[in-house]
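Asker: Have a look at this one.
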Amino acid sequence: MADDQQQTTAPGGYYSGRNPIPTVSKFMERLDRDKKSRDQEIDDQTRSAKKSHQKPANGNAMPHNQAPRPKKQETVTDPVTGNQVVIENAKKSQLGLVENPVLSVPNANLGKDTPVKTEASQSNPEYKEKQDITAPPDPVVDGSTSDVPIRGEKTNVLFHPTPSVSYEPTFARLEKQAGAVCVAILIAVVALGKTFGGSFKGLIPLAMCVSSGVWLWMKEVVRSGREVEWESEKERGQTATANLLPESVEWLNTLLGVVWGLINPDMFQGVADTLEDVMQASVPGVIENVRVAEINQGTNPIRILSLRALPDSHMGDMKKAIHEENKKRLDPQEAAADEEGGDFYNLEVSFAYHAAPTGKRASDKARNMHMQLVFYLGIKGLFGVPLPIFVELQGLVGTVRLRLNMTPEPPFLKNLTFTLMGVPHVQAGCIPMLEKGVNILNLPLISNFVNYAIGAAASMYVAPKSMMIDLRAILQGDDIQKDVQALGVLWIRIHRAVGLSKQDKRGSKHGGSDPYITLAFSKYGKPMYCTRVITDDLNPIWEETAALLVTPELVKADENLSVELWDSDRHSADDIVGKIELSMQKMIQHPGKMYPQVSKLSGLDAGSDMPGELHWEIGYFGKPHFRPALRTDGKDTTLAPELRDRPDLQDDKGVANTAQDDAVQHTPPDPLWPSGICSVIVHQIVSLELENIKGSVGNRKGREYEPAKGYGENREETGGNLPTSYCTILFNDEMVYRTRAKAVSSSPIFNAGTERFVRDWRSALITVTVRDSRNREHDPVLGVVPLKLSDVLDTSSQVTRWYPLDGGIGFGRIRISLLFRSVETRLPPNLLGWDVGTFEFTSDRIIATNYTRNAKIKMRTGGSIGSIPSKLCHPLEEGDGQYWDVAAQDEQGKSVRLPVKYRYRSPVVFELHGAGKRKADAYAVVWLHHLIDNEDTPINIPIWTTKHPKRLTQNYITEANGNNEVGLEDLKEVGRLQFHARFKAGMDQSHEAFISDNTSRETYETWEACFAEGVRTHRVDKEMPELVQQLHEKSLTEGRDLLKSVPMEEQKKWLAKDGSDWSGAFGEDPKAYMDWKGVKRREPGAEPPFRDPYHPEDRPGEEDEDEDEGSDSGSSVDLGIKDADNSPEDIQNEHSAAGEGRESMSTADTELTNTTSQSSTGRSGNAANKRSEARKHRGLMQWKPARNVKFAKDESKLGLRKLKSKITGGLDGRQPGVETETGS
């Protein structure tokens, strides 16, 4: 599946986890996707071609000795012209053609005796025959040709005379005589007319008309003669083309010699970057990094030996084959447009290169084509030894045929097809950069290996095989993305599982399994989402949600969504409990609705089943059209009004090829659809350098008036003092992506990024961090760029800008592209928040009514803990409970704030401990997904007692579904816990306790850098750009005519501004809305449940009171679900009509309350300053040994933690890791 996910990345595409950096073989394969299939059809043909040339002596013509046909020559079909052609592999002996190129010239043109020659008096068929048998390549008639040096004076003559008579002398004589005749006619007419009594007034005009007519007639004769002569020359040229006559190309070599040294080596920077990435993906693990330090063409140019046009008369069959292939892979309109217009131009080029003699100096080595590579050998993070290599092209000879597809539209080139006329001979030198380095490619074993590798690589492109490259896409390259790759999202709600199989021998009465669920694509296999693990329970209740992006590659590969239930084991591999599969192709045919499902689990083997069933919901939501009412001018509103209209200050938005591209450039995100897909691409960094952390050093005597430090732009592009940089991308304080490292460069190019689902663009925050990869110390922050979508996307849905790096130990500017596309789903306000944040109390007291024990409160949520001692517990004045003085604890500097990492799968558990008791007496649970970000919420939850506290605190248990739950029959409410609290979105200082690995450490350091520089606050608020708000309100009041055709309910949603409709919220089992046959009877959120919403039982005898034959069922829609009840055969045979499923939830107004409270930092300002100094390598951390000691200390802690986890075991599930484009 990994290969299936590879996609053709056009210019403007970027590397990501779905589009990883290719190896060398995959890179070449991507250039022409259809090459493999074409090669399979012609892999029985071989390739060879040879032309034998004898070196002439002293630059004089000498008789051509015809060589016998080598055994390695073969006849194949040329993919360029469609003709049969003889090919041969190039050999080392042919490198002599570079210094002493020769050309076979007919002896008739050299004034020598010849048995066969072409003459102008010959008819065209005879002329063509004589020309063919005296033209190279061999065989030719003996004694008819001679080899002439290319630089000889004989080489610029026309090798074959035109088979026609030259009319130029006749034309000149005719014009001269016609002039005399016209003068004579003029005089004769006037004289004779006057003799017979005529008048001069009539005779002179008459004489002029007659003479002019004669002159014009003569001119027409001359013009016609020249046309005949030109057609004769055209015929000669066509005959020469048909006979494949070579032509002298010294004019081109002379031009190439002048232009070659003028080419700026910086033009190869993009090639070096691509080569660097491809080599990095292909090298063995002992090489931790590769850098292409230089690519230079030198001053010694490549030579063109011959250049000739090829006929196109035999391409009929090939064009037909292309047409048939286009019909298979393209839609009819695209195929027609692909073949419409344009012609083909065929060309054959023979080329050669030979290195000029070099000395020991670097300037001597730079004469020839070369590149400098640096391989960093070692172990990542510990040590790396740079090994510089100088690679020089010493010899090259070969022949290539080109087929250019010309089009009438710029850039006038569409496709380029090329094929090699035999394997080219390549001779390279690979010298370590030592004082007395030797060419290691001269060693016999290495030389044979290199030659074999070159031959194997080149054989893939030798006739009859070929490669096609889309030149139009390359020449029109636009690196600004106009749309996300995803088609939409799958929104999935996982409610609960019932009756799972017991996997462990140990366990309680209703336990024996530690289940969790992963969401993955069946062929790809990698988990895309993982729920929490609920220990020792066969009836787990998760109540979690997930959004998965649906890309075209998944649909085209006919992927299935695989919902897999696992049993987590501490010391062995996790066991599969059951799975369910759903067809992606069928699911996207029913967009815009949620479909509740109750699916029986199937086993790993086809046709097998497993005990238990899963209660869940799924819906597909696509991308809506842009609203014209929100259209803007697309200009940057951060500029002053006086500067806003200047073209040189506008953002680079790329080329708008479609109406949708134009809408993306001029329409901001829609407030009606706050959820969507966000794409982030890091293009490149310029002027990247490290700050001088050691300050000005040395004796200032004699330098009193010199600057203390260097300043200005970086003057080095590569060098040992430059950073080895990489970037990380954080979505809402969660690290989701890490780029590859670019070794020792001030201008690294990444072109890498990712796409993620964003719950609400109004509060979403993207942070790009640039770090320096180092050995034996933590990677320091070079700079951070926080981007809040509501600030950046105020006039368009896409922006590409340069941003300065700030908050680290480096300088530079980074180019980043942001793109947001909404999806047609409206989530309730509590589901539009962040996953990372802090739970904090906003009331002065926590009150427990009907609970009279003096107790200590312990709180925990997802790894963080807090407590309120019993000394702060006091009886209520009314005497019916207790209260805990939270304000008093805040005054002591011990405020209770619980950092949260996974908010949408975590509760806050309150444990009430009596005096001197380790075990809790009672419990209370509040689930964080019920809270709205940054909003003060009154909490009133029951206090429970039970003998199974784990089952209570791990499962989603509320007042509504807590009664009669299996395993919680003794659950009893003993009081109520009341307080005010809120979930503060975003990271703060309390999250330092979550640092458990390098990923969490780097995430916290990024927030700390942003906060220290003042670009982040303690919380993230939901904001709407003022311009978007004005356009949105205007569209709702002035655009009522657009709503006349929609139902009244829909009009109310639109006119309410917020479109609030969050039907089908959490807490109710989808089985409650179905009858015992599994047919949906009620609409979730709009109608009361059909059965007990928390404990629906299978009772075949129940009455279907409101059965309606015309009612639709969401379950009757064929979504391609494959579980124990639906085998693939059953699904194939079921074609029920689509019915009504659960409507998608709508958006509510999520504006924050005006009340704000200041969060306690939990540390002194002095401690924060010390951490900032350490992060910026100031103070003690400016010395490398101190950084090495801290690195060793931190890595030792992490190593011990990992060792402890392996020994004791853990129940972590299968969480997806940080995405990267290297595929690792």
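The values are calculated or read from the model by the stated rules, or taken from the named source; none is laboratory data. This is a predicted model, so every value here is computed, not measured. Don't worry about glycine lacking a Cβ; one is built from the backbone with ideal geometry, like all the others, and counts go over all protein chains shown. Just the protein is used for accessible areas: all its heavy atoms, side chains included, with ligands, DNA and RNA removed. Shrake-Rupley method; radii C 1.70, N 1.55, O 1.52, S 1.80 Å.
Asker: Mind checking whether some residue in region 862-873 is more than 28 Å from Lys950 (Cα to Cα) and open to solvent by 10 Å² or more (accessible area, probe 1.4 Å)?
Answerer: Looking only at region 862-873, we keep the residues that are more than 28 Å from Lys950 (Cα to Cα), and these are none.
No, that holds for no residue.
Asker: Strands (runs of 3 or more DSSP E) wholly in region 735-815 with at least 1 residues that are without any contact (Cβ under 8 Å) to a residue 60 or more places away in the chain - which ones? Please lay out each step first, then the result.
Answerer: Details: elements: 749-758, 765-772, 781-788, 798-804.
The strands (runs of 3 or more DSSP E) meeting that bar are 781-788, 798-804.
Asker: Could you please find all residues in region 119-130 being surrounded by 19 or more Cβ atoms within 10 Å (Cβ to Cβ) and modelled with pLDDT of 75 or more? Quick ask: steps written out before the conclusion?
Answerer: Of the residues in region 119-130, the ones surrounded by 19 or more Cβ atoms within 10 Å (Cβ to Cβ) are 127-128, 130.
Answer for region 119-130, where residues must be surrounded by 19 or more Cβ atoms within 10 Å (Cβ to Cβ) and modelled with pLDDT of 75 or more: just Lys130.
Asker: Let me ask you something else. Out of curiosity, is Val489 buried (at least 17 other Cβ atoms within 10 Å of the Cβ), out of contact with any helix residue (DSSP H, G or I) (no Cβ under 6 Å at 6 or more places or on another chain) and not in a loop (DSSP other than H, G, I, E, B)?
Answerer: The answer is yes for Val489.
Asker: Turning to a different aspect of this structure: Quick one: is Ser211 open to solvent by less than 60 Å² (accessible area, probe 1.4 Å), within 25 Å of Val86 (Cα to Cα) and modelled with pLDDT of 70 or more?
Answerer: So Ser211 fails the test.
Asker: How many residues does region 945-968 contain that are without any contact (Cβ under 8 Å) to a residue 24 or more places away in the chain and either open to solvent by 20 Å² or more (accessible area, probe 1.4 Å) or not in a loop (DSSP other than H, G, I, E, B) (or both)?
Answerer: Of the residues in region 945-968, 2 are without any contact (Cβ under 8 Å) to a residue 24 or more places away in the chain and either open to solvent by 20 Å² or more (accessible area, probe 1.4 Å) or not in a loop (DSSP other than H, G, I, E, B) (or both).
Asker: Give me the pairs: first residue in region 886-912 and without any contact (Cβ under 8 Å) to a residue 24 or more places away in the chain, second residue open to solvent by 30 Å² or more (accessible area, probe 1.4 Å), beta-carbon distance under 7 Å, and six or more apart or on different chains, which are they?
Answerer: Gln889/Ser895
Asker: From Gly511, Gly499, grab the single residue that is closer than 24 Å to Val598 by Cβ and modelled with pLDDT under 80. So that I can check it myself, show each step before the final result.
Answerer: Details: Gly499 fails: modelled with pLDDT under 80.
Exactly one residue qualifies, and that residue is Gly511.
Asker: Considering region 608-642 alone, what residues qualify as being under 19 Å from Thr800 (Cβ atoms) and among the aromatic types (Phe, Trp, Tyr)?
Answerer: Passing the criteria: only Phe626.
Asker: Considering only residues that are assigned to a loop (DSSP other than H, G, I, E, B) and among the β-branched types (Val, Ile, Thr), which ones fall in region 543-562?
Answerer: Within region 543-562, the first condition is being assigned to a loop (DSSP other than H, G, I, E, B), and the residues that meet it are 551, 557-559.
If the condition is that a residue be assigned to a loop (DSSP other than H, G, I, E, B) and among the β-branched types (Val, Ile, Thr), then Thr551 is the only one that fits.
Asker: Shifting gears a bit: Checking the structure you have, find out if any residue of region 853-861 is surrounded by fewer than 22 Cβ atoms within 10 Å (Cβ to Cβ), more than 20 Å from Lys894 (Cα to Cα) and at pLDDT 90 or above.
Answerer: The answer is no, given that none of the residues of region 853-861 is surrounded by fewer than 22 Cβ atoms within 10 Å (Cβ to Cβ), more than 20 Å from Lys894 (Cα to Cα) and at pLDDT 90 or above.
Conditions (1) more than 26 Å from Met859 (Cα to Cα); (2) at pLDDT 90 or above; (3) crowded, with 21+ Cβ neighbours inside 10 Å, marked per residue:
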position: Leu931; (1), (2), (3): no, yes, yes
position: Ile943; (1), (2), (3): no, yes, yes
position: Glu973; (1), (2), (3): no, yes, no
position: Ala993; (1), (2), (3): no, no, no
position: Asp997; (1), (2), (3): no, no, no
position: Val1015; (1), (2), (3): yes, no, no
position: Glu1026; (1), (2), (3): yes, no, no
position: Thr1037; (1), (2), (3): yes, no, no
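Asker: Ok, one more. Residue check: is Arg151 within 30 Å of Asn300 (Cβ to Cβ), at pLDDT below 60 and open to solvent by 70 Å² or more (accessible area, probe 1.4 Å)? Walk me through how you get there before you give the answer.
Answerer: Values: within 30 Å of Asn300 (Cβ to Cβ): yes; at pLDDT below 60: yes; open to solvent by 70 Å² or more (accessible area, probe 1.4 Å): yes.
Spelling it out, Arg151 is indeed within 30 Å of Asn300 (Cβ to Cβ), at pLDDT below 60 and open to solvent by 70 Å² or more (accessible area, probe 1.4 Å).
Asker: Quick one: in region 818-839, of everything that is over 19 Å from Val664 (Cα atoms) and open to solvent by 10 Å² or more (accessible area, probe 1.4 Å), which residue is modelled with the lowest pLDDT?
Answerer: To start, the set of residues in region 818-839 that are over 19 Å from Val664 (Cα atoms) comprises 825-839.
From what's left, open to solvent by 10 Å² or more (accessible area, probe 1.4 Å): 826, 829-830, 835.
On the way: Arg826: 87, Pro829: 90, Asn830: 90, Asp835: 92.
By that ranking, first place goes to Arg826.
Asker: Pick from region 753-790 the residues that are open to solvent by 20 Å² or more (accessible area, probe 1.4 Å) and at pLDDT below 90: which of them is farthest from the chain's Cα centre (by Cα)?
Answerer: Step one: list which residues in region 753-790 are open to solvent by 20 Å² or more (accessible area, probe 1.4 Å), which gives 756-757, 759, 773-776, 778-779, 786, 788.
With the extra rule that they be at pLDDT below 90, the set shrinks to 773-776, 778-779.
On the way: Ser773: 23, Arg774: 26, Asn775: 29, Arg776: 32, His778: 28, Asp779: 25 Å.
Ranking the qualifying residues of region 753-790, first place goes to Arg776.
Asker: Which ones in region 521-536 are assigned to a strand (DSSP E or B) and either over 21 Å from Ser501 (Cβ atoms) or at pLDDT below 90 (or both)? Break it down stepwise before answering.
Answerer: Taking region 521-536 first, the residues assigned to a strand (DSSP E or B) are 521, 527-530.
Scanning region 521-536 gives Phe521, Pro527, Met528, Tyr529.
Asker: How many of the residues in region 644-673 are among the β-branched types (Val, Ile, Thr) and over 23 Å from the mean Cα position of the chain (by Cα)?
Answerer: Filtering region 644-673 down to residues among the β-branched types (Val, Ile, Thr) leaves 655, 658, 664, 667.
Now narrow it down to the ones that are over 23 Å from the mean Cα position of the chain (by Cα): 667.
Residues meeting the conditions: 1.
Asker: Considering only strands (runs of 3 or more DSSP E) fully contained in region 880-922, which possess at least 1 residues that are surrounded by fewer than 17 Cβ atoms within 10 Å (Cβ to Cβ)?
Answerer: Working: elements: 881-885, 897-900, 907-914.
Hits in region 880-922: 881-885, 907-914.
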